[in-house]
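One structure is given below, encoded as structure tokens.
What follows draws every value from the coordinates through simple rules; no lab data is involved. It should be emphasised that the depicted structure is a prediction, and the values quoted were computed from it without experimental measurement. Cβ atoms come from the backbone with ideal geometry, glycine included; neighbour counts cover every protein chain shown.
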Amino acid sequence: MKNNIFICLVAILITSCNSNLTDPQKIIDKAIAASGGDKYLDAMIAFDFRDRHYVSTRKGGMYTYERITKDSINTIHDFLSNDGFKREINGTVVEVPDSMKIKYTSSVNSVVYFALLPYGLNDASVKKKFLGETQLEGKEQYVVEISFGEEGGGEDFEDVFIYWINKKDFVIDYLAYSYDEGKGLEYRFRKAYNPRRVNGILFLDYINYQPNGETKITTLEGLYKAGKLKELSKIELENIQVK
């Protein structure tokens, strides 16, 4: 009798724990914790991506993102912070039209956003939706949709993301997103690889895929499984430093 009661209690606890993981907030919390947690909050993170150098500096709620581009003549140094966007050329601040500030802000923010995933998925503008569970390439995944509110969601607040988060270690294994740059919706699917930790923070590279025609973001998983996505590029971070 006692054994039966114990088994029932264990079953209830297991069911309760599993039911918690239909909550997208708890899944994202675990993913952030697994990838670095509080280490993101007070860190200087630097890396190279496609011949440009990036630096992300955070101190509590204050942040500065930097992008440094060099050629044979000029060094262009972009700054994005709580105070907005600023550009220096060879150490001198230059005026940037508002239309270009929007473009540069989006470009810098996008690179840092992807590089530091899943940090950022708890920003105030983020909306989370649990889409269920699935299996991809033999790995069990939680599937979470991320969208953004217009207030605080930036220029690209209408973009939608889907994350496949490994049920075992809560690391992002795959992601997909939709975006519109004025030519209609486009879609990408990414597979994570080359995981490595630098001073306690996890970094991933990605193989970037695109569909060969009209689709929806929710069909990208099936297209990937069927081998119907075209490899477009690789997203690789180099010379990573964390202080």
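Determine the sum of side-chain charges near Lys30: Lys and Arg each +1, Asp and Glu each -1, restricted to other residues whose C-beta is under 12 angstrom from that of Lys30.
Working: positive: Lys26, Lys167, Lys168; negative: Asp23, Asp29, Asp169.
Around Lys30, the surrounding residues sum to 0.
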(message) Angle check, please: helix 98-115 long axis (alpha carbons) against the longest principal axis of the chain (alpha carbons), in degrees 0 to 90, nearest 10.
(response) 40 degrees
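Give me the number: length gained by fully extending Leu185 to Ser81, i.e. 0.36 nm times residue separation minus the C-alpha to C-alpha distance, one decimal in nm.
Details: separation 104, 0.36 × 104 = 37.44 nm, distance 2.88 nm.
Result: 34.6 nm gained on full extension.
Please work out the Kirkwood hydrodynamic radius for region 37-116, using every pair of different C-alpha atoms, and report it in angstroms with one decimal place.
On the way: mean 1/r = 0.0758 Å⁻¹.
After inverting the pairwise mean of 1/r, the radius is 13.2 Å.
With +1 on the Cβ of every Lys and Arg and -1 on the Cβ of every Asp and Glu, and nothing else charged, how large is the dipole of region 37-116 about its Cα centre, in debye rounded to the nearest 20?
Numbers: 11 positive and 11 negative charges, 24 e Å.
Dipole about the Cα centre, nearest 20: 120 debye.
First measure r as the distance between the Cβ atoms of Gln135 and Arg50, then evaluate 1/(1 + (r/R0)^6) with R0 = 30 Å and state the FRET efficiency to the nearest 0.05. Walk me through the numbers on the way to the answer.
Values: r = 33 Å, r/R0 = 1.10.
Between Gln135 and Arg50 the formula returns 0.35.
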(request) Using only alpha carbon positions, build the gyration tensor of the chain, then give the equivalent ellipsoid semi-axes as the square roots of 5 times its eigenvalues, largest first, whole angstrom. (result) 36, 22, 17
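For region 101-202, what does the alpha-carbon gyration tensor say about shape, rounded, prolate or oblate, given a ≥ b ≥ c as the root eigenvalues, a/c under 1.5 as rounded, and a/b over b/c as prolate? Don't jump to the answer; show the numbers that get you there.
Details: a/c = 1.78, a/b = 1.42, b/c = 1.25.
Note, shape of region 101-202 comes out prolate.
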(message) What distance in nm lies between label points placed 7 Å from Cα along the C-beta direction at Ala226 and Ser106?
(response) 3.1 nm
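Taking only DSSP H segments of four or more residues, each worth -39500 (n - 2.57), what value at 222 nm results for the chain once the sum is divided by all its residues, to the nearest 500 deg cm²/dmol? The partial results should precede the final answer.
Working: 4 runs with 55 residues, N = 243.
Counting only the DSSP helices, I get -7500 deg cm²/dmol.
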(message) Please list, by residue number, every one of the GluC sites (Glu not before Pro) in region 55-157 that is coil in DSSP and has at most 15 other beta-carbon atoms within 10 Å.
(response) Glu95, Glu137, Glu150, Glu151, Glu155
(message) Full-extension gain between Thr57 and Val94, please, as 0.36 nm times their residue separation minus the C-alpha to C-alpha distance.
(response) 11.1 nm
(request) Would you mind computing, in nm to one decimal, how far apart the modelled labels at Ile68 and Glu158 are, each placed 7 Å from Cα along Cα→Cβ? (result) 3.7 nm
